[in-house]
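One structure below.
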Amino acid sequence: MVLRTEASIPEDIIDGILKSFKMDNPVSVDTLKVTTDCAPLRNNTQCTCRPGHIWSVAVCQSSPNCCKQQNCTFESIKTKPMCLPETRVTVIGKLNIAGKVYFESYSNPNSMEYKKLHDELLPQLKRVYSTLNSFDDIYITGFSRGSVNIAFEMNLNNISADDLASKTAELEKALNSTFSLDTEGVVEITVPEGPVKYDSIQTILCQTKEDMKPIKWVLERSDSKSFNVTTGTDATVISTSRKTTILLRQATEIWEGLYTCAFNPKSSNVTINHRASATLDIALLPQIDISSTPQFPDCYNKYNPNDRVFVRVQCEIKNTTENYTVTWNYTNTETKLNEQKDVTGNAIIYRIDTTVSCNSLQEPDVTCTFMNILSQEKNATVNIPVIYSNSKFCPAEGAWSNAKANFTAVLKCKNGVGKTQRQCSSDGVWEEEKSNCVNVDLHDILIDSQNLGIGLGSVETNSANIFSRLKFSTDNSESINTYANVNASVSILFTMNNAINASLTNYTLNKAQLQDALISSSNLLDSSLEKSWISKPDQANISMAERYLISVEGLVEQSDVENNTYQHTNIELNGCEPQPEKHCVNKVFNVTVIMRTSSIMVKTIGFKSLNHYLPKPQQTDADPNSIVVSTSIGQGSADISIDFQLIRERPRNHKIQCVYWDFTKSQWSDEGCKWSGPDNENHCECTHLSSFTTLMSKKPDNLPYMKEITYVGLGVSIVSLLSCLVIECIVWKSVVKSSVSYCRHTAHINICLCLLIADCSFLASAFPKNIPENWCQIFVVVKHLCYLSMFFWMLCLSIMVLQQMIFVFHQMSKKFCLGLCFFVGYCCPLLIVFITFITYNSGQKDYYYTRETCWLVYEGSLKGSIFAFILPVGTIVVVNVFCMLVVIIRLLRPSLEVNTKDEKEVAKGILKAVILLTPIFGGTWIFGFCVLIFDITTGPIAYLVNYAFTLLNAFQGLFILLTAYFGEKPIRVALLKYFNLKQVQSAVSQSSKLASTMKTK
């Protein structure tokens, strides 16, 4: 309502006049404020807007010259000289009338249909909106398709957001239509006055006078790109009901542009965006790419030391409107010849031409410095390695020109983004190229993902597009088969995971986005890309494989999986929803995961090949032996059982570790995980969730002090065996008085001699790495032959004893006995060793013997050259044990026939027989077969068997000395006589049955 009065009338009187004013509808005066002062001037009227007020839209339209002035002279009173508060609110609106048919004539403002619809709608809009305080003007700007869309513009002053929403809701109901409004002027934005310093911390503020919902920030940059601003690594968005703030940690070129904030009213469902915009101006500093041409000035072929070589240095920056002051600094170069500046589509190149002297002893360098309007500086320096007459250098090769030794040559990528480097070694030899070229499409995706990471863009809007593009970019492995491309792809996944995780909206990937992410991740594990994962040392804080694992695990955790299975070439994902009193069972790549949990959802991922790329800093003695499996749950804790499918069969005595990836230490750890042992070798139990696999030891488990016991035992045995041979020389004439004793002692000598040579060979090859490979092979042949010969001579000895026990009165001739023993004792072992040697690739390494142990090869049950030793020895030991049993039975027979013998004496005789015969018959090697039966990883029983076998056989020479020599009365007597020692005891107790049987007849 507008009231014209004399200026002298008091405001309280005017208020009374308004309240007594009679109209059809009741009138209430909320506020009374004088906005315009007018006075007659001749035939015109001169009016002035009071402070804080501006001319109305109607005045600006009828008298454009007045709009920019505070005073205005009006020729006609037809124009209402009205001023309104300068807090002008502009409303751009659109309404859609349901069911209304659009005609082409609506596009022509002069058509009857246009005028009819215009005259029909405008009064209805004005009737409702004009009731708003400080209403100025409203007009329809046009019609468009979509049923019928009506665009209008309205000017208000100092309105209430709730009142605007209320009136719009009223119109929606009355017109059966849908409104969409954008306002300017309701929200106030505060941006730092620019330009502001580069890399500085800045705050941008939007606020309202009413409680509303802040919905978004939008940045429109000068490169025509538009982004939603969200919380990220460089920006933090903090919002309340009346205020929303952007905190920029680093004001750089990516944050310069027009900022727009938007609020929605809380009290209505009407679509109204209250906006405010302002520009952030930043004094920029460039990213400088400096280079010299040629990179290595060549003075090598210059005969005059005073010659100079031309060099061009250029500093390239992105094309920008920033007005930089560029300066150049030189060291050990000539004065610059000229300075140039070239502007291309995307870059500005600053160049200088200079020369370097061929007789200088110091390397020249050039520095370019850029200074912005706030006197901030940024510089870049290029060293110019000159190839002097005495310099070593790598000769030109292909696209690579001459390069000075100990320097790196650089070439720009032709079909990608980045540079290729090639080191020239100190010897002047080219090393392999290291390409840092990234495909253009991958680079663009990486930049977009990094924008999301720093806070430019929303994950809800951009995730689907990024994952879809990444899927197609990684689909062809040949196009990404470099370290740089694989690293860029992993960086995209890693950045997207961090961006989604940092999103304040708790965003969840849908099935389509998850599929695209999994396909991309599977493509990166393609076998053809194996070298691209490891071709260059990873320079990041964590390895590329670990970043990959973190990324995929994180994306899966933040996705909607449900009870679905996603099967791809190198990645498999399975989801399971636990049921009451039932376990969750997930299966990926034949690996079964059983989860006991009350969680909402269990997600299990299987990764092929990833186990080879994850670092193993502390597991150098173990290799991965299964795929990597990762399991996560929605909430709560769980116990997990995993049945792996082993990649390689576990060799005997090789331990398997159930491990998980410890992200805090960046290594595998077995804490909280337990292996089920050799009886269930592919089963693991863990008490926590993570990424799991199995590590199999490269070497068999070694028990403590086994080597020490072996070496000490062999040393003692060698001394003992030498003693046996010496004793045989001393007592030979005294004890060898018949063909039987001759054959028996001959067998003893050959057993001791074979065992002595074998033990010496064993000690000589105890450290395989310290002996030549051909000597390792020789020692294996010698040990194989001598140990077999020892057992065959033991066989001969046991047969002789058996023959004497059974055929007491039948004596074997010495000639026949010796002939048979030498044939069996040496010819049979030699034949076995020869056939084995020829059969296994003529004694080739890893076929006949292993370099790690200098012994025969074990490949599994009845597989490997080791069985050319085990089978003959096993047969002989069985025969010898049988012969020993016959001896024991013969010892028992007199006690059964005659009751004159005491049972204790019989027991002593049997015990003595066992003790005396076991070492010389090779009975201790029975424990060797037990070692083959019991896997050392089974625990205490296996430990006991291994220690027993090592102790008994390492000291076998000592046991032979004690039983076969010192245990024999005739030998003891002969030794006493030899050394002229007085026999202390004139008589001894009755000899054992074995001694009497073997007494010389």
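The table below lists the values:
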{"read-out": "Residue pairs meeting the criteria (Cβ under 8 Å; at least 6 apart or on separate chains; first more than 9 Å from THR355 (Cβ to Cβ) and open to solvent by less than 70 Å² (accessible area, probe 1.4 Å), in segment 332-344; second among the acidic types (Asp, Glu) and in a loop (DSSP other than H, G, I, E, B))", "value": "ASN332/GLU363"}
{"read-out": "Residue selected from segment 479-503 under the condition more than 28 Å from LYS434 (Cα to Cα) and not β-branched (Val, Ile, Thr), by the criterion most open to solvent (accessible area, probe 1.4 Å)", "value": "ASN501"}
{"read-out": "Residue satisfying condition, being touching an Asp or Glu at 6+ places or on another chain (Cβ under 9 Å), among the hydrophobic types (A, V, I, L, M, F, W, C) and at pLDDT 90 or above, within set ILE757, ILE727, ILE718", "value": "ILE718"}
{"read-out": "Flag for THR271 being open to solvent by less than 50 Å² (accessible area, probe 1.4 Å), of a type outside the set (Gly, Ala, Ser), touching a residue at least 40 places away in the same chain (Cβ under 8 Å) and out of contact with any Leu (no Cβ under 6 Å at 6 or more places or on another chain)", "value": "no"}
{"read-out": "Qualifying residue in segment 778-797 (condition: in contact (Cβ under 8 Å) with a residue 40 or more places away in the chain, closer than 24 Å to VAL973 by Cα, of a type outside the set (Gly, Ala, Ser) and open to solvent by less than 10 Å² (accessible area, probe 1.4 Å))", "value": "yes"}
{"read-out": "Close pairs from segment 566-583: first assigned to a strand (DSSP E or B), partner open to solvent by less than 20 Å² (accessible area, probe 1.4 Å) and β-branched (Val, Ile, Thr), Cβ under 6 Å, at least 6 apart", "value": "GLU572/VAL588; LEU573/ILE605; ASN574/VAL588; ASN574/THR604; GLY575/VAL561; CYS576/VAL602"}
{"read-out": "Failed item, numbered, when VAL438 is tested on (1) under 21 Å from the mean Cα position of the chain (by Cα); (2) hydrophobic (A, V, I, L, M, F, W, C); (3) open to solvent by less than 10 Å² (accessible area, probe 1.4 Å)", "value": "(3)"}
{"read-out": "Some residue of segment 190-199 being of a type in the set (Asp, Glu), in contact with a helix residue (DSSP H, G or I) (Cβ under 8 Å, 6 or more places away or on another chain) and touching a residue at least 60 places away in the same chain (Cβ under 8 Å)", "value": "no"}
{"read-out": "Condition check for ASN506: without any contact (Cβ under 8 Å) to a residue 24 or more places away in the chain, surrounded by fewer than 17 Cβ atoms within 10 Å (Cβ to Cβ) and over 14 Å from ILE445 (Cα atoms)", "value": "yes"}
{"read-out": "Residue match in segment 514-531 (condition: part of a loop (DSSP other than H, G, I, E, B) and at pLDDT below 90)", "value": "no"}
{"read-out": "From VAL556, VAL561, VAL552, residue being open to solvent by less than 20 Å² (accessible area, probe 1.4 Å), more than 19 Å from ASN451 (Cα to Cα) and at pLDDT below 90", "value": "VAL561"}
{"read-out": "GLU681 touching a strand residue (DSSP E or B) at 6+ places or on another chain (Cβ under 7 Å), under 27 Å from THR850 (Cβ atoms) and open to solvent by 50 Å² or more (accessible area, probe 1.4 Å)", "value": "yes"}
{"read-out": "Residues (farther than 21 Å from TRP775 by Cβ, surrounded by 18 or more Cβ atoms within 10 Å (Cβ to Cβ), of a type in the set (Val, Ile, Thr) and at pLDDT 90 or above) located in segment 836-885", "value": "none"}
{"read-out": "Conditions (1) under 16 Å from GLN207 (Cβ atoms); (2) modelled with pLDDT of 90 or more; (3) open to solvent by less than 20 Å² (accessible area, probe 1.4 Å): number failed by PRO265", "value": "(2)"}
{"read-out": "Tally, over segment 200-211, of residues that are in a loop (DSSP other than H, G, I, E, B) and either open to solvent by 60 Å² or more (accessible area, probe 1.4 Å) or in contact (Cβ under 8 Å) with a residue 60 or more places away in the chain (or both)", "value": "4"}
{"read-out": "Among the residues listed as PHE472, PHE494, the single one being among the aromatic types (Phe, Trp, Tyr) and closer than 18 Å to PHE607 by Cβ", "value": "PHE494"}
{"read-out": "Residue in segment 804-821 that is within 30 Å of SER739 (Cα to Cα), of a type outside the set (A, V, I, L, M) and open to solvent by less than 30 Å² (accessible area, probe 1.4 Å) present", "value": "yes"}
{"read-out": "Residue that is part of a helix (DSSP H, G or I), modelled with pLDDT under 90 and either basic (Lys, Arg) or open to solvent by less than 60 Å² (accessible area, probe 1.4 Å) (or both), where the choices are VAL801, VAL833", "value": "VAL801"}
{"read-out": "Number of the condition not met by ILE751 [criteria: (1) closer than 21 Å to PHE823 by Cβ; (2) without any contact (Cβ under 8 Å) to a residue 24 or more places away in the chain]", "value": "(2)"}
{"read-out": "Checking ILE600 against (1) of a type in the set (A, V, I, L, M); (2) without any contact (Cβ under 8 Å) to a residue 24 or more places away in the chain; (3) outside any strand (DSSP E or B), the condition it does not meet", "value": "(2)"}
{"read-out": "In segment 409-435, the residues that are hydroxyl-bearing (Ser, Thr, Tyr) and either open to solvent by 80 Å² or more (accessible area, probe 1.4 Å) or touching a residue at least 40 places away in the same chain (Cβ under 8 Å) (or both)", "value": "SER435"}
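Here's the yes/no breakdown for (1) open to solvent by 40 Å² or more (accessible area, probe 1.4 Å); (2) not in a helix (DSSP H, G or I):
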{"site": "LEU84", "(1), (2)": "no, yes"}
{"site": "ILE92", "(1), (2)": "yes, yes"}
{"site": "VAL101", "(1), (2)": "yes, yes"}
{"site": "TYR106", "(1), (2)": "no, no"}
{"site": "LYS115", "(1), (2)": "yes, no"}
{"site": "LYS126", "(1), (2)": "yes, no"}
{"site": "ASN133", "(1), (2)": "yes, yes"}
{"site": "THR141", "(1), (2)": "yes, yes"}
{"site": "ALA151", "(1), (2)": "no, yes"}
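The values are calculated or read from the model by the stated rules, or taken from the named source; none is laboratory data. What you are looking at is a predicted structure, and each value in this text was computed from that prediction instead of being measured. Methodologically, a virtual Cβ is constructed for each residue, glycine included, from the backbone with ideal geometry; neighbour enumeration extends over all protein chains shown. Please note that ligands, DNA and RNA were not included when accessible areas were found on the heavy atoms of the full protein model with its side chains. Shrake-Rupley method; radii C 1.70, N 1.55, O 1.52, S 1.80 Å.
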